[in-house]
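S.K.: Got a structure for you, written out below as structure tokens; questions coming shortly.
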Amino acid sequence: MCDELVGAALVAALEQRFADDLRPPLEPQAIIHPNGFVKLPLARTAGGAARLFLHVWQAGSADADVHDHRWAFASAVLRGELSHTLMDVTVTPGSAGGRGRERGRGREEHLTGAFAVARYRPGVGTHCFDVSRRERAVVNHRRTHVFPAGRRYGMEAFVFHRAHALAGAMTFVARGLPQRPYARVLLDDETSTPVMKPWRPLDAVERRQHLRDALEALG
């Protein structure tokens, strides 16, 4: 991922003028995600292989649950600091186990126990969590990676993780095509199926300010 692509996508979204290699986003409305970060669609590549977003992490932004994505993505940290805790997870149908328990110290920790697995499918104005398959997940270990401003990183599809960012952090995200129709979320045995808060639309003034701030951070 090069700075030229990041800058071109930010400028195109701000000015609403798209060059030959970029197209307007399929869903242009910027939103505040239930996990607390701003998700701002920028553009999509001409061939449709990638969708480009700006994420702005607000105070208290963090993934509520361990989850995976149905697509691969690449990201650049424009401002602040972001961390990803990657999980090595074994998923089996109907395996037994108690609620997850965390043990260990340091940057790498080992966990025992089992979690329920929900298959998540977003819908128009809805969130569908399916636990009917009774899948169970054992988290074998985890490791946290910290990415400061200026760092690039990527993640393959189907990797279980949880993200956390400092307030004000900004990330540019290039998201690939979905490789299956659902993502997966790990649920503690004592946690019922998640009830996600509705996405809140971001107004035009805030949207423009975030884009200007991102361009300034890019330099």
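The values are calculated or read from the model by the stated rules, or taken from the named source; none is laboratory data. All values reported here derive from a predicted model rather than from experimental measurement. Positions of Cβ are generated from backbone atoms using ideal geometry, with glycine treated the same way; all protein chains shown enter the neighbour counts.
S.K.: Can you find even one residue in the range 86-96 that is closer than 25 Å to residue 29 by Cβ, at pLDDT 80 or above and surrounded by 14 or more Cβ atoms within 10 Å (Cβ to Cβ)?
M.R.: no
S.K.: Now, a different point. For residues that are exposed (fewer than 15 other Cβ atoms within 10 Å of the Cβ), under 22 Å from the mean Cα position of the chain (by Cα) and in a loop (DSSP other than H, G, I, E, B), tally how many sit in the range 1-23.
M.R.: Number satisfying all stated conditions: 1.
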